[in-house]
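**Q** One structure, as structure tokens, below. Some questions next.
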Amino acid sequence: MQGHLIFSLLQEGNGKVSRVIRMGTRKSQLARIQTDSVAGRLRELYPDVHLEIVAMSTIGDKILDTALSKIGEKSLFTKELENALERNEVDIVVHSLKDLPTSLPPGFTIGAILQRENPHDAVVLHPKNAGLTLDSLPEKSVIGTSSLRRAAQLKKRFPQLEFENIRGNLNTRLKKLDEKDDYAAIILAAAGLKRMGWESRISQILGPEDCMYAVGQGALAVEVRAQDKDILEMVSVLHHPDTVLQCISERAFLRQLEGGCSVPVAVHTEVKGSMLYLTGAVYSLDGADCLKDTMQTVVEIDNKVSESAQECVHVGVTANSVSSSALEAAEKLGMDLANALLNKGAKDILTTARKLNDAR
């Protein structure tokens, strides 16, 4: 393979030459745990490869006193990592897929989407409220969340509660919850809590009837330079086909809506047999206005995979190991559902939400 020369080489004591691959990650504890889990998988599959982890801070890690939706930067947690990838300082980057915009910078692609952890949101209660749920918390209890999507849905579902912004990494947010009386509970992604080993802090998992999740939530993505065909091939074995199809449909839905951090968009996907089901919704900031629908498509996983990487990029994802017809069906499903909601007036809801958020 010609491309193997792009790797750094490491001369070992026994004269054996090992390939060195540098993995970029954010510095947060959760990001490191996620990157270490991907590195562990790669070491099992490629014992001759030497992996180096390069940690760095991103805009989203540095600005902690402003709501994510107000910063106005689409790649809050990814830009610095992608800059390092572009400068060849790292060879691959591990992200939470929900942090990756639906359109990647030129020359980059998502080379692997790993099997999804629980994608739902979780309620973490202040210790004094142990044993309660969002339904049984006292009226006017303050719930902390940094997500417009969560707040919009939960305001509608639990009108007796109040919702306030909370920022910081998982450790910081839990500390703010436990050490002060500002919040009765906070809402976090169940996947992050599980990966941190803090599953015992989960008081309640919010099902789709209470709160649908963010596009890509719970899935890890490996981003690479599109021209590095050997690295692309190497990480592609990490793809989990069902998760790939779910996330492609979700990302296509969001991209067609032109949604992002500054507007409340939520999804719920399931693969049952050869069927992929996608539920998508858009909300006003207060949750009062909502457009929601469900569609499905056939996504049979066959063995007809694409021979050309160029033919197989769907909303930034290269998945040559997955059936090209299934990938196309998943992307079309997301676009069709978005168009159905746009035809019902979703654009007006999203435009108003964006304006109101900008004016705050």
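**Q** Check whether at least one residue in segment 200-220 is out of contact with any Ser or Thr (no Cβ under 9 Å at 6 or more places or on another chain), buried (at least 22 other Cβ atoms within 10 Å of the Cβ) and among the polar types (S, T, N, Q), and report yes or no.
**A** no
**Q** To continue, here is another question. Would you please name the residue that is surrounded by the fewest Cβ atoms within 10 Å (Cβ to Cβ), looking only at residues in segment 172-186 that are touching a Phe, Trp or Tyr at 6+ places or on another chain (Cβ under 9 Å) and of a type in the set (A, V, I, L, M, F, W, C)?
**A** So, considering only residues that are touching a Phe, Trp or Tyr at 6+ places or on another chain (Cβ under 9 Å) and of a type in the set (A, V, I, L, M, F, W, C), the one surrounded by the fewest Cβ atoms within 10 Å (Cβ to Cβ) is L174.
**Q** Let me ask something else about it. Yes or no: L154 touching a residue at least 40 places away in the same chain (Cβ under 8 Å) and either open to solvent by less than 30 Å² (accessible area, probe 1.4 Å) or under 24 Å from the mean Cα position of the chain (by Cα) (or both)? Talk me through it step by step, then tell me what you get.
**A** Numbers: touching a residue at least 40 places away in the same chain (Cβ under 8 Å): yes; either open to solvent by less than 30 Å² (accessible area, probe 1.4 Å) or under 24 Å from the mean Cα position of the chain (by Cα) (or both): yes.
Criteria met by L154.
**Q** Among the numbered criteria (1) of a type outside the set (A, V, I, L, M); (2) modelled with pLDDT of 90 or more; (3) closer than 30 Å to A189 by Cβ, which one does R26 miss?
**A** R26 satisfies every listed condition except (2).
**Q** Still on this structure, I have one more. Go through segment 113-157 and count every residue that is in contact with a Ser or Thr (Cβ under 6 Å, 6 or more places away or on another chain), closer than 30 Å to G24 by Cα and among the hydrophobic types (A, V, I, L, M, F, W, C).
**A** Qualifying residue count for the region: 2.
**Q** While we're on this one: Which one is modelled with the lowest pLDDT, of the residues in segment 68-101 that are among the aliphatic types (A, V, I, L, M) and open to solvent by 20 Å² or more (accessible area, probe 1.4 Å)? Spell out the reasoning first.
**A** Our first condition is that a residue be among the aliphatic types (A, V, I, L, M); within segment 68-101, this holds for 68, 71, 76, 81, 84-85, 90, 92-94, 97, 100.
Among the residues that remain, those that are also open to solvent by 20 Å² or more (accessible area, probe 1.4 Å) are: 68, 71.
Details: L68: 45, I71: 40.
It comes out as I71.
**Q** Just checking: which of the strands (runs of 3 or more DSSP E) contained wholly in segment 183-241 hold 3 or more residues that are more than 16 Å from V38 (Cβ to Cβ) and at pLDDT 95 or above?
**A** Where strands (runs of 3 or more DSSP E) fall fully within segment 183-241 and carry at least 3 residues being more than 16 Å from V38 (Cβ to Cβ) and at pLDDT 95 or above, they are 185-189, 204-206.
**Q** Please indicate, with yes or no, whether at least one residue in segment 268-277 is open to solvent by 10 Å² or more (accessible area, probe 1.4 Å), more than 22 Å from L42 (Cα to Cα) and acidic (D, E).
**A** There is at least one residue in segment 268-277 that is open to solvent by 10 Å² or more (accessible area, probe 1.4 Å), more than 22 Å from L42 (Cα to Cα) and acidic (D, E).
**Q** Taking D286 as the residue in question, decide whether it is charged (D, E, K, R), at pLDDT below 95 and touching a helix residue (DSSP H, G or I) at 6+ places or on another chain (Cβ under 6 Å).
**A** Yes.
**Q** Let me ask something else. Which condition does V90 not pass, out of (1) assigned to a loop (DSSP other than H, G, I, E, B); (2) touching a helix residue (DSSP H, G or I) at 6+ places or on another chain (Cβ under 7 Å); (3) under 22 Å from S200 (Cα atoms), if it passes all the others?
**A** Result: V90 passes all but (3).
**Q** Going by what's in this entry, would Q153 be described as at pLDDT 95 or above and assigned to a loop (DSSP other than H, G, I, E, B)?
**A** For Q153, the condition - at pLDDT 95 or above and assigned to a loop (DSSP other than H, G, I, E, B) - is not met.
The values are calculated or read from the model by the stated rules, or taken from the named source; none is laboratory data. A quick note: this is a predicted structure, and the numbers were derived from the prediction, not measured. Backbone-built Cβ (ideal geometry, glycine too); neighbour counts: all protein chains shown. With ligands, DNA and RNA removed, areas are computed over all heavy atoms of the protein, side chains included. Shrake-Rupley method; radii C 1.70, N 1.55, O 1.52, S 1.80 Å.
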